[in-house]
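K.L.:
Dropping the structure in here first, questions after.
The values are calculated or read from the model by the stated rules, or taken from the named source; none is laboratory data. Here the structure is a predicted model, which means the values were calculated and not measured. For neighbour counting, all protein chains shown are included, and Cβ atoms are generated from backbone atoms with ideal geometry for every residue, glycine included.
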C-alpha cells in the first residue's frame, strides 16, 4: 500500500496542504536525513534526544548503549515520537509575519519494539552504516558478539506517520508586494567538506570511493 | 552566574566527559542553530515538532499560530523539552561499533510560559528575525496588532539545560588500528547557496548586505 492511514494524531491541524501521507515521500525524507530527534517521556517530563537511525523497509531502527537513559526509557512498548527534519531554506518575506522556512519533515508515532535476535541486530548495524556512508559496512570490522549484546536496538513500524513539506518563494499579503525590501529564499543544505583522515591513519590507505566526494541523496 | 546547575534530569548518564553546563557554551549552540525540536506530551503520547526559536538573554522563545496543536498543547505550565542539534561531521571508525557523529547539542527542560504583553511579543518577533538573518527586522514590515494577537509566543527559562559535544577523530579499539580501512571524519555543515529572489520581486531591488553571502555564526 502506498499511502499511510491518517489518524486523529497524524492529521495535520495547521497547513494540511503541506502534508503528505504518501509512503514514498515519507521514505525519501527518512533516507536522506542523517539524524532523527526521538521524543519519549519519563515521570511526566518529555525528553528529546538526537540520534542516528535507519529505515529498513517499513521499520525505522535506532540503537544505543544498553546503559543509555534514552534506551532504558524506550523500553518495549513505550510511546515514542521520532521526528526527522531537513532544512531546505530560509523564506524571507516582505512582512515579519510571513517569514518561514522551506523544509521536509516526517513525524512518526508508535511504540518501541526491542530487537533481540542477533541476526536482525546485525542487519540493523549494517544498514545504519550504509545509511551514513554507502559501502561502509563492507569496509570495517563488524560488531562482535560482545558489542552486539552491549547495544540495544529498537524499531518502530512506519505506520502512524506523516510528512510535511514547504517549498517555494514567500507568500506575502497583497498590500506588501509594493514594499521595497528584498524577498526570496536562501537555499540551505547540509554539505560535506573534504574528509579529514584520522592522524593515526597510515598515509598509504586511500579514501574509499564513497567519500570522494561524500554526498547525501537528493 | 556562568554555570548551569546540574539536576538529576540533566546529569549526563552516558559520556559525561562530553557534557557541559557552561552557560556560554549553551548560548553559543543556541545562537548558531536555526531550528529546535520541541517535545511535549498529549494524552500520554510524546510529540516532537521542529520550529524556529531565538534566545534572548536567559530565555528561549518559540512562536506559532494560536491554532497550532503544538502551541495549544504547550499551554502555560506544560512540561517541555527543547533540543537543538548541530551536526558537525561523520566519524568513520575502523570498527562498526565505534562509528559516531561529531555534534554540538543542547537539551533544555522546563515549563512553558506564555508571553502575553505586546511589547515582549514584538521584541521576540524582532529577535526571531535577527536570529534568522541579522538586520532583517529593520528591512521588513513589522507585525501589526492583528498578526501579533494571532501568534502565540512561549518562553522557557534557560535554567535546566546541558550541552553535549563530540569533536575529533574516531577512537578505535587498540586491536583495530592495524586494519587497512580508511578512518577519519567527514566534516558537515549547513551551508547557504546563492539567494533566489521571489519571482514577484522587481529586478531593481538589491540583495541586502546580510545575504551576500549568508553565513551562520561559528
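K.L.:
Being facing chain B (nearest Cβ under 7 Å) and either over 26 Å from residue B:111 (Cα atoms) or crowded, with 20+ Cβ neighbours inside 10 Å (or both) narrows it down to one residue among A:89, A:44, A:67; which is it?
P.N.:
Numbers: A:89 fails: facing chain B (nearest Cβ under 7 Å); A:44 fails: either over 26 Å from residue B:111 (Cα atoms) or crowded, with 20+ Cβ neighbours inside 10 Å (or both).
On inspection, the qualifying residue turns out to be A:67.
K.L.:
Search the stretch B:146-169 for residues that are within 14 Å of residue B:58 (Cα to Cα) and pair each with any residue that is at pLDDT 95 or above and part of a loop (DSSP other than H, G, I, E, B) when their beta-carbon atoms are under 6 Å apart and the residues are at least 6 apart or on different chains.
P.N.:
Close Cβ pairs (under 6 Å, with a partner that is at pLDDT 95 or above and part of a loop (DSSP other than H, G, I, E, B)) amount to B:158/B:58.
K.L.:
Turning to a different aspect of this structure: Does residue B:55 meet the test of being more than 7 Å from every other protein chain (Cβ to nearest Cβ) and out of contact with any helix residue (DSSP H, G or I) (no Cβ under 7 Å at 6 or more places or on another chain)? It would help to see each step written out before you state the result.
P.N.:
Working: more than 7 Å from every other protein chain (Cβ to nearest Cβ): yes; out of contact with any helix residue (DSSP H, G or I) (no Cβ under 7 Å at 6 or more places or on another chain): no.
Against the criterion (more than 7 Å from every other protein chain (Cβ to nearest Cβ) and out of contact with any helix residue (DSSP H, G or I) (no Cβ under 7 Å at 6 or more places or on another chain)), residue B:55 does not qualify.
K.L.:
Going by the conditions given, is residue A:57 out of contact with any strand residue (DSSP E or B) (no Cβ under 8 Å at 6 or more places or on another chain) and either free of Cβ contacts under 8 Å to residues at least 60 places away in the same chain or crowded, with 21+ Cβ neighbours inside 10 Å (or both)?
P.N.:
On the way: out of contact with any strand residue (DSSP E or B) (no Cβ under 8 Å at 6 or more places or on another chain): yes; either free of Cβ contacts under 8 Å to residues at least 60 places away in the same chain or crowded, with 21+ Cβ neighbours inside 10 Å (or both): yes.
Taking the combined requirement at face value, the residue satisfies it.
K.L.:
Then there's this: So which strands (runs of 3 or more DSSP E) stay within the stretch A:113-212 end to end and still have 2 or more residues that are facing chain B (nearest Cβ under 10 Å) and closer than 30 Å to residue A:97 by Cα?
P.N.:
Numbers: elements: A:113-115, A:151-157, A:160-166, A:184-192.
Where strands (runs of 3 or more DSSP E) fall fully within the stretch A:113-212 and carry at least 2 residues being facing chain B (nearest Cβ under 10 Å) and closer than 30 Å to residue A:97 by Cα, they are A:184-192.
K.L.:
So, in the stretch B:86-111, how many residues would count as being over 18 Å from residue B:216 (Cα atoms), in contact with a helix residue (DSSP H, G or I) (Cβ under 9 Å, 6 or more places away or on another chain) and in a strand (DSSP E or B)?
P.N.:
Going through the stretch B:86-111 one residue at a time, the tally reaches 6.
K.L.:
Shifting gears a bit: Filter the stretch B:31-41 down to the residues that are in contact with a helix residue (DSSP H, G or I) (Cβ under 9 Å, 6 or more places away or on another chain) and either under 28 Å from residue A:78 (Cβ atoms) or buried (at least 17 other Cβ atoms within 10 Å of the Cβ) (or both) and list them by number.
P.N.:
Quick first cut of the stretch B:31-41, residues in contact with a helix residue (DSSP H, G or I) (Cβ under 9 Å, 6 or more places away or on another chain) only: B:31, B:34, B:36, B:38, B:40-41.
Passing the criteria: B:34, B:36, B:38, B:40, B:41.
K.L.:
State all residues of the stretch B:71-86 that are surrounded by fewer than 23 Cβ atoms within 10 Å (Cβ to Cβ) and more than 7 Å from every other protein chain (Cβ to nearest Cβ); if no residue qualifies, say none.
P.N.:
Of everything in the stretch B:71-86, those that are surrounded by fewer than 23 Cβ atoms within 10 Å (Cβ to Cβ) and more than 7 Å from every other protein chain (Cβ to nearest Cβ) turn out to be B:72, B:73, B:75, B:76, B:77, B:78, B:86.
K.L.:
While we're on this one: Over 22 Å from residue A:25 (Cβ atoms) and surrounded by fewer than 17 Cβ atoms within 10 Å (Cβ to Cβ) - does that describe any residue in the stretch A:161-171? I'd like the intermediate steps shown before the answer.
P.N.:
Initially, the stretch A:161-171 is screened for residues over 22 Å from residue A:25 (Cβ atoms), giving A:170.
Narrowing further to those that are surrounded by fewer than 17 Cβ atoms within 10 Å (Cβ to Cβ): none.
Within the stretch A:161-171 (the criterion being over 22 Å from residue A:25 (Cβ atoms) and surrounded by fewer than 17 Cβ atoms within 10 Å (Cβ to Cβ)), the answer is no, since none of the residues qualifies.
K.L.:
Can you find a residue that is surrounded by fewer than 17 Cβ atoms within 10 Å (Cβ to Cβ), farther than 25 Å from residue A:49 by Cβ, within 30 Å of the chain's Cα centre (by Cα) and in contact (Cβ under 8 Å) with a residue 60 or more places away in the chain anywhere in the stretch B:188-209?
P.N.:
Yes, the stretch B:188-209 contains at least one residue that is surrounded by fewer than 17 Cβ atoms within 10 Å (Cβ to Cβ), farther than 25 Å from residue A:49 by Cβ, within 30 Å of the chain's Cα centre (by Cα) and in contact (Cβ under 8 Å) with a residue 60 or more places away in the chain.
K.L.:
Could you look through the stretch A:12-43, keep only residues that are over 18 Å from the mean Cα position of the chain (by Cα) and in contact (Cβ under 8 Å) with a residue 40 or more places away in the chain, and pick out the one that is nearest to residue B:45 (Cα to Cα)?
P.N.:
Restricting attention to the stretch A:12-43, the residues satisfying the condition of being over 18 Å from the mean Cα position of the chain (by Cα) are A:12-18, A:41-43.
With in contact (Cβ under 8 Å) with a residue 40 or more places away in the chain added as a condition, the list becomes A:12, A:15, A:18.
Numbers: A:12: 16, A:15: 22, A:18: 23 Å.
Top of the filtered list is A:12.
K.L.:
Moving on. Please pick out the residue among B:50, B:46 that is more than 30 Å from residue A:144 (Cβ to Cβ) and more than 17 Å from the chain's Cα centre (by Cα).
P.N.:
Step by step, each of B:50, B:46 is checked, and only B:46 is more than 30 Å from residue A:144 (Cβ to Cβ) and more than 17 Å from the chain's Cα centre (by Cα).
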